[in-house]
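Below is one structure; the comments refer to it alone.
Derivation of every value follows stated rules applied to the coordinates shown; laboratory data play no part. Keep in mind that this is a model prediction, so the values were computed, not measured. We place every Cβ from the backbone using ideal geometry, glycine too, and count neighbours over all the protein chains shown.
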Amino acid sequence: GTVTNAAKLLRSMLVNDQSMSAGLICTGYDHVLKRGVIYSLSPSGSLFELPVWAAGGSGSTYILGHIDSHMPHGEDDMKHWEEKDAVEFVMNAIQLAIDRDGSSGGFVRVYVINRWGKKSIVRYPRSSAQKLLSSNDNSDDGGISSPSQNQRVFSSVSLKNFASPSPI
């Protein structure tokens, strides 16, 4: 399978399962096309390939200007970024969305998948932890957020074509 096939499968699932409503980003290296690809899928099943980056979710509207003004503007410019630069940019953009969107999750979770493997990076920002605790101050659970609140992430950003990283 390829990333393109995976995106088409996700589109089929969105269109054929009326109980599913989500905007998704499907991205990765497509070995048939021999390049990185980013696909954005709308809840209605529209599928678009985007050239350099994608942002989706309820918090994305709050950060589009930030992304546009701080991102390199072409694929060649992205090649000067290291993996750590791209990860930091994505984490900061998602944190901005969380800070401005009451429906976005309380922490930032980024997955990096490359030819050497995969890794998960999680950032628990102080401001988000305080927001979660204060939102539950009057509950009987001692101010602890339920797993469903902690696990929701509605903002996502994807980048491609940054410099090759070292092995994980």
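So here's what we get for this one:
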{"item": "Across LYS8/LYS34; LYS8/LYS119; LYS8/LYS79; LYS34/LYS79, pairs whose alpha-carbon gap is larger than 20 Å", "result": "LYS8/LYS119; LYS8/LYS79"}
{"item": "Estimated inter-spin distance, ARG123 and LYS84, nm [label 7 Å along Cα→Cβ]", "result": "1.4 nm"}
{"item": "GLY28 long-range amide H proximity, modeled H, under 5 Å", "result": "VAL37"}
{"item": "Loop trypsin sites (Lys or Arg not before Pro), region 14-122, which have at most 11 other Cβ atoms in a 10 Å radius of their Cβ (DSSP)", "result": "LYS34, ARG115"}
{"item": "Region 1-127 shape via C-alpha gyration tensor axes, a/c threshold 1.5", "result": "oblate"}
{"item": "Three-way shape label, region 15-82, alpha-carbon gyration tensor, a/c 1.5", "result": "oblate"}
